[in-house]
Amino acid sequence: MRKTQAGCYIPFPNESYQVEPLDRKGKHFSMDAKALYLTWTHSKIFVNYAGEQAGESHTTMELPRDPDFLRLMAKKLEELASSI
């Protein structure tokens with residue numbers, strides 16, 4: 001995981017992952033995402049795609065900024081990684 005000045009940058013394998021996020025009009029489009037980019041406020045974490053077309057993507061996941069939740073999520077991701 002590489003930390004940037006304003007957030008946390010988590011690259012996809014080979015920095016390439018084909019996704020179909022929503023644009024400003026709510027329509028899906030094809031995008032070659034390079035990473036997930038996480039930013040946060042005092043109460044939320046925002047997960048977005050990073051890449052050349054990131055500005056066109058309006059797909060954002062919001063997570064609670066709660067240490068216990070984040071630890072549980074990390075644990076479950078570790079379990080998933082071990083099972084595959």
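Here are the numbers for this structure:
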| item | result |
| --- | --- |
| Single condition His42 does not satisfy, out of (1) more than 14 Å from the chain's Cα centre (by Cα); (2) at pLDDT 95 or above | (2) |
| Sole residue being free of Cβ contacts under 8 Å to residues at least 24 places away in the same chain and touching a Lys or Arg at 6+ places or on another chain (Cβ under 7 Å), chosen from Ser82, Ser43 | Ser43 |
| Neighbours by Cβ (under 6 Å, 6+ apart or cross-chain): first from region 49-62, open to solvent by 50 Å² or more (accessible area, probe 1.4 Å); second assigned to a loop (DSSP other than H, G, I, E, B) and β-branched (Val, Ile, Thr) | none |
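The values are calculated or read from the model by the stated rules, or taken from the named source; none is laboratory data. Nothing here was measured: the structure is a model prediction, and the numbers come from that model. Cβ coordinates were reconstructed from backbone atoms using ideal geometry, including for glycine residues, and neighbour counts include every protein chain displayed. Note: accessible area is taken over every heavy atom of the protein model, side chains too, but ligands, DNA and RNA are not part of it. Shrake-Rupley method; radii C 1.70, N 1.55, O 1.52, S 1.80 Å.
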